[in-house]
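In what follows, a structure is listed as structure tokens, so that the remarks can point back to it.
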Amino acid sequence: MSVHIAAKKGEIAKTVLLPGDPLRAKYIADHFLEEVKLVSQTRNIYYFTGKYKGEEISVGASGMGIPSIGIYSYELFTEFEVDTIIRIGTCGAYTTDLKLFDLLNVEFSASESTYAKFAWGIEGDLISHQGSAFGLINETAKSLDLEIKPTYIHTSDIFYRKEEGLPEIASKYNCSAVEMEAFALFANAQYLEKNAATILTVSDIIPTREQISADQREKALKTMIELALETALKF
């Protein structure tokens, strides 16, 4: 059984929404799901299963960074036989072509991380989304009249760094934004032949230091959450 998720077999749905923050997972369960059951709270990382428009969906936290999401997504895929994980999170924009609250659908993640190489023998520093989720997100966004931008992003192991300016790998692949998890999720899904996608909301514009206020975050993330849930109905 899973070391980090205490749910029993059958208590996790085949499709899981995976924010980083346990309290964001709780917010989604409290405000968007019905017949909700808390199925795991090991290490205060909450996992809930409930129904959205009659369909069973789970939501839980990945924690922060590649090592954390690497553990949780692997155990979800293998121990709980999850088919699809949609990461939902925030990101910092490298370019002023993006604006606060923009929605991004990650097509490729570039990273300096050695996670994929040493975990699964996957060479290279660029990994794509896996399976059908990416395309279904685009279709769902269109049906909801939402603008979403397919993009390359940088998955970094580093939040604070000495040197300013665009990291070399982000420049190499013309990455529009940076976050800290997608690369490991995509690597696990590639190795295990599962569906994986990442939807991001732009919360910071790095060149101008603009950022979404704490009061604005709930409203901003609501659109992304609803897009992920509506997409989950299609699996």
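Can you list residues whose amide H is under 5 Å from A6's amide H, if they're 5+ apart or on another chain and H is modeled 1.01 Å from N?
Those qualifying (amide H under 5 Å, at least 5 residues apart or on another chain) are Q41, T42.
Kindly state, to the nearest 0.05, the FRET efficiency for D97 paired with K222, given R0 = 22 Å and r defined as their beta-carbon distance. Show your work: numbers first, answer last.
Working: r = 24 Å, r/R0 = 1.09.
About 0.35, to the nearest 0.05.
What's the local net charge at E35, with K and R +1, D and E -1, over the other residues with C-beta under 14 Å away? Please list the in-between numbers first.
Details: positive: K37, K51, K53; negative: E11, D30, E34, E55, E56.
Net charge around E35: -2.
Whole-Hz Karplus ³J(HN,Hα) for segment 32-43, in order, using 6.51 cos²θ - 1.76 cosθ + 1.60 and θ = phi - 60°, x for Gly and Pro?
10, 10, 10, 6, 7, 10, 6, 9, 7, 9, 4, 6
Heavy atoms of the protein only, probe of 1.4 Å, neighbouring chains included. What is the accessible area of D30 in Å², nearest 10?
About 90 Å², rounded to the nearest 10.
Output wanted: per-residue J couplings in Hz (rounded whole) for segment 164-176, from phi through Karplus 6.51 cos²θ - 1.76 cosθ + 1.60, θ = phi - 60°, x for Gly and Pro.
Karplus values, whole Hz, x for Gly and Pro: 8, x, 6, x, 4, 5, 5, 5, 4, 10, 6, 6, 8.
Testing the spin-label approximation: label points 7 Å from Cα along Cα→Cβ at L233 and A6. State their distance in nm.
In this crude spin-label approximation the distance works out to 3.4 nm.
Give me the extension gain from D145 to K162: residue separation times 0.36 nm, minus the current Cα-Cα distance, reported in nm with one decimal.
On the way: separation 17, 0.36 × 17 = 6.12 nm, distance 4.11 nm.
Taking 0.36 nm per residue and subtracting the Cα distance, the gain is 2.0 nm.
Which ³J(HN,Hα) values, rounded to whole Hz and listed in residue order, are derived for segment 11-27 from phi using the Karplus coefficients 6.51, -1.76 and 1.60 in 6.51 cos²θ - 1.76 cosθ + 1.60 with θ = phi - 60°, glycine and proline given as x?
With the stated coefficients, segment 11-27 comes to 8, 10, 6, 6, 10, 10, 8, 10, x, x, 8, x, 6, 6, 4, 5, 4 Hz.
Pick from L185, L144, L104: which residue has the top mean-square fluctuation in a GNM of the chain where Cα pairs under 10 Å get a spring?
Looking only at L185, L144, L104, the largest GNM fluctuation is found for L144.
Size of the dipole of segment 123-231 about the Cα centre, Lys and Arg at +1 and Asp and Glu at -1 on the beta carbon, nothing else charged, in debye to 20?
The dipole of segment 123-231 has a size of about 80 debye.
Around E112, what is the net charge, scoring Lys/Arg as +1 and Asp/Glu as -1 over all other residues with Cβ under 12 Å from its Cβ?
Details: positive: K117, R161, K172; negative: D125, D157, E168.
Residues close to E112 contribute a combined charge of 0.
If you build a Gaussian network model of the chain, linking Cα atoms that sit under 10 Å apart, which residue out of M180, M224, M64 swings the most?
Largest GNM mean-square fluctuation: M64.
Tally Lys/Arg at +1 and Asp/Glu at -1 over every other residue whose Cβ is under 15 Å from the Cβ of F80; what's the total?
Working: positive: K8, K9, K14, K37, K194; negative: E11, E56, E75, E79, E81, D83.
Neighbourhood net charge equals -1.
Taking amide H atoms as placed 1.01 Å from N in the peptide plane, list the residues 5 or more away in sequence, or in a different chain, whose amide H sits under 5 Å from that of A177.
Under 5 Å from the amide H of A177 lie the amide H atoms of Y94, H154, each far enough along the sequence or on another chain.
Charges only on Cβ, +1 for Lys and Arg, -1 for Asp and Glu: so what's the dipole of the chain about the Cα centre, in debye to the nearest 20? Can you show the working numbers first?
On the way: 23 positive and 33 negative charges, 75 e Å.
Dipole size: approximately 360 debye.
Which entries in K8/K51; K37/K194; K14/K194 show an alpha-carbon gap greater than 22 Å? Before the final figure, lay out each step's value.
Numbers: K8/K51 18 Å; K37/K194 25 Å; K14/K194 11 Å.
Too far apart for the 22 Å limit: K37/K194.
Determine, from the Cβ-Cβ distance of R43 and N174 and an R0 of 35 Å, the FRET efficiency 1/(1 + (r/R0)^6), rounded to the nearest 0.05. Before the final figure, lay out the partial values.
Working: r = 37 Å, r/R0 = 1.06.
Efficiency at R0 = 35 Å is approximately 0.40.
Give me the lysines in straight-line cross-link reach of K99: C-alpha distance below 24 Å, same-chain residues under 8 apart excluded.
K142, K149, K172, K219, K222
The values are calculated or read from the model by the stated rules, or taken from the named source; none is laboratory data. It should be emphasised that the depicted structure is a prediction, and the values quoted were computed from it without experimental measurement. Cβ coordinates were reconstructed from backbone atoms using ideal geometry, including for glycine residues, and neighbour counts include every protein chain displayed. Ligands, DNA and RNA are excluded from the accessible area calculation, which covers all protein heavy atoms including side chains. Shrake-Rupley method; radii C 1.70, N 1.55, O 1.52, S 1.80 Å.
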